[in-house]
Amino acid sequence: MSEFALPVDTYSPDQLSELVLELHDLVATVRDATARSDVAHPQLSADLANLLNENKVADNDAAAIEELAKAANSTLEQAPTVHILLAAMPGRAQKRQFVTWFRTELHALTLMTFAARSDLGGGAIIQAGSHLYDLSFRRGIIDNKAKLTELAGV
């Protein structure tokens, strides 16, 4: 296996953690199938199939799957994680846009979490490492209270 790659739909630490467990189970099953002829090949989840495909690993190659599991676990421990807080939960298309942008501009293996908080009004609060970027409408209103009363004609 050359360089580890994450599919765009695998973005959160929880998803990657589940995939690591699935990879370990798949290694055990493939090894059992090699030793015994009566072991059925497991049904792969869509996320696991995407991860194997993205990394060009065959679902019956125990050694390559084990290397992929090690790379995924290493990524889980070392990759940067970005937490995005929005006024409403983003849909799949919006999540893909966020993930694609961060993996292109920040780090190819960026992991992300998404949460919603309705009092933001719009915009986002992004936490990357120890940095907090408040780009919410709420922050803009709080920072410009004088202009708000000016606009209201009070």
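Values quoted throughout were computed directly from the atomic coordinates according to the rules given, and no laboratory measurement underlies them. Owing to the predicted nature of the structure, the values given are computational and were not obtained by experimental measurement. Neighbour counts are summed over all protein chains in view; Cβ atoms, including those assigned to glycine, are modelled from backbone coordinates with ideal geometry.
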Among Asp119, Asp14, Asp59, determine the one that fluctuates most according to a GNM of the chain built with springs between C-alpha atoms less than 10 Å apart.
Asp119
Report, in deg cm²/dmol and to the nearest 500, the calculated mean residue ellipticity at 222 nm for the chain, where each DSSP H run with n ≥ 4 adds -39500 (n - 2.57) and the sum is divided by the residue count.
-16000 deg cm²/dmol
Note: the range 13-77, point scatterers on Cα, Debye, no solvent; log10 I/I(0) at q = 0.26 Å⁻¹ equals -1.16
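Express in nm, to one decimal, how much length is gained between Gln127 and Ser45 on full extension, taking 0.36 nm for each residue of separation and deducting their alpha carbon distance. Don't skip to the end; give the middle numbers.
Numbers: separation 82, 0.36 × 82 = 29.52 nm, distance 3.04 nm.
Extra length available between Gln127 and Ser45 comes to 26.5 nm.
Using a simple charge model, +1 on the beta-carbon of Lys and Arg, -1 on the beta-carbon of Asp and Glu, nothing else, what dipole does the chain show about its Cα centre, in debye to the nearest 20?
On the way: 13 positive and 20 negative charges, 166 e Å.
The calculation lands at about 800 debye.
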Could you calculate the contour length gain from Thr81 to Arg36, that is, 0.36 nm times the residue separation minus the distance between their Cα atoms, to one decimal place in nm?
12.1 nm
For the chain, take the longest principal axis of its alpha carbons; what is the angle in degrees between that and the long axis of helix 62-78, to the nearest 10 within 0 to 90?
20 degrees
Relative to the longest principal axis of the chain, what angle (0 to 90°, nearest 10) does the C-alpha long axis of helix 13-35 take?
10 degrees
Along the charge dipole of the chain, pointing to its positive end and built from +1/-1 on Cβ of Lys, Arg, Asp and Glu, which listed residue (Ala88, Phe102, Ser12) has its Cα farthest out?
Ala88
At 1.306 mPa s and 10 °C, plugging the Kirkwood radius over alpha-carbon pairs of the chain into Stokes-Einstein gives what diffusion coefficient in µm²/s?
89 µm²/s
